[in-house]
Amino acid sequence: MMGIKEKIRVFDKIIFLFLFIGFSLANFAGCFSYSFTGASVPEHLESIAIPISEDRSGSGEPGLRETLTKTLIQKFIDDNTLQVTEKNKSDAILNCSIISLTDAPTIITAGEDVQTRRITISVQAVYKDLVKRKTIFDNNFSNYGDYPSGGNINERTDAIQTAVDRISEDILLSVVSGW
């Protein structure tokens with residue numbers, strides 16, 4: 001038979017266990033209520049226009065400005081923080097200009113043979129609040145994609161797409177998070 005003191009200890013342990021579980025569940029559930037969506041986007045901005053990018057790089061790379069524009073639009077659609085729309089219906093606008101594209105060797109072996117080449121693209125992005133008529137940022141973004149030296153045109157094109165994807169992600173993060 002259990003004495004009264006033993007029953008109280010068991011009861012205290014059960015209460016402590018329920019309290020611990022209750023606080024743990026409440027704390028754990030709170031983790032799911034936080035969201036990064038719209039973390040730094042002002043409340044009055046719900047839509048964005050992304051006009052065709054300008055190519056001031058002088059590279060002559062065909063379709064580069066269209067590739068950047070389509071990739072940016074798709075990143076914003078996938079993110080879903082701001083709705084992509086036409087300029088006359090938007091709260092904000094993102095104007096991008098490709099300012100450089102370089103193709104240079106990156107890995108050179110002991111025999112001075114080039115193993116890998118790097119495409120580096122730099123973009124100037126100007127993000128404007130059309131509601132309050134002010135520039136939120138005017139920044140340059142640069143990123144790269146590598147391909148094997150002597151690679152075919154498809155490998156070079158893939159490197160360009162990689163650089164464009166990385167820059168687009170950087171621009172998206174700057175717009176929606178401001179970090």
*asked:* Taking the Cα centroid of region 45-64 and of region 137-161, what is the distance between the two, rounded to the nearest whole Å?
replied: 16 Å
*Could you please state how large a percent of the accessible area of region 99-156 is carbon and sulfur, counting protein chains only and using a 1.4 Å probe?*
45 percent
*For a label point 7 Å from the Cα of Gln74 along Cα→C-beta, name the residues of region 142-176 whose backbone N is under 11 Å from it.*
161-162, 165
*Using the Cβ atoms and a cut-off under 15 Å, what net charge is assigned to the surroundings of Ser57, where Lys and Arg are +1 and Asp and Glu are -1?*
-3
*At most 13 other Cβ atoms within 10 Å and a DSSP loop assignment: could you name the GluC sites (Glu not before Pro) in region 61-149 that fit?*
Glu86, Glu112
*Eight or more residues apart or on different chains, and alpha-carbon atoms under 20 Å: count the Lys pairs in region 32-179 matching that.*
12
*Whose amide H sits under 5 Å from the amide H of Ser149, counting only residues 5 or more places off or on another chain, with H placed in the peptide plane?*
Thr116, Arg117
*Residue-wise, which Karplus ³J(HN,Hα) couplings in Hz belong to region 135-142, taking 6.51 cos²θ - 1.76 cosθ + 1.60, θ = phi - 60°, and x for glycine or proline?*
7, 7, 7, 9, 10, 9, 10, 9
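Where a ≥ b ≥ c are the square roots of the eigenvalues of the C-alpha gyration tensor, would you call region 75-179 rounded, which needs a/c under 1.5, or, failing that, prolate if a/b is larger than b/c, or oblate? Before the final figure, lay out the partial values.
Working: a/c = 3.31, a/b = 2.65, b/c = 1.25.
It is prolate, given that a/c is not under 1.5 and a/b is the larger ratio.
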*asked:* Under the rule of at least 5 residues apart or a separate chain, name every residue whose amide H is placed under 5 Å from the amide H of Glu54.
replied: Cys96, Ser97, Ile98
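Can you figure out the FRET efficiency of Glu169 with Arg133, using R₀ = 30 Å and their beta-carbon distance, to the nearest 0.05?
Details: r = 28 Å, r/R0 = 0.93.
The calculated FRET efficiency here is 0.60.
Just add up the charged neighbours of Val41: K/R +1, D/E -1, any other residue whose Cβ is under 14 Å from the Cβ of Val41.
The answer is -3.
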*If amide H atoms are built 1.01 Å from N in the plane of the peptide, which residues on other chains or at least 5 residues away come under 5 Å of the amide H of Glu61?*
none
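Under 11 Å from the Cβ of Ala104, count the other residues' Cβ atoms, weight Lys and Arg +1, Asp and Glu -1, and hand me the total.
0
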*Hey, what do the phi angles of region 44-57 turn into as Karplus ³J(HN,Hα) couplings, whole Hz, using 6.51/-1.76/1.60 and θ = phi - 60°, x for Gly and Pro?*
7, 9, 10, 9, 9, 9, 10, x, 4, 5, 9, 10, 9, 6
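The values are calculated or read from the model by the stated rules, or taken from the named source; none is laboratory data. Keep in mind it's a predicted model, so treat the numbers as computed, not measured. Using ideal geometry, Cβ is built from the backbone for each residue, glycine included, and neighbour counts are taken over all protein chains shown. Areas reflect the complete protein model, heavy atoms only, side chains present, ligands, DNA and RNA absent. Shrake-Rupley method; radii C 1.70, N 1.55, O 1.52, S 1.80 Å.
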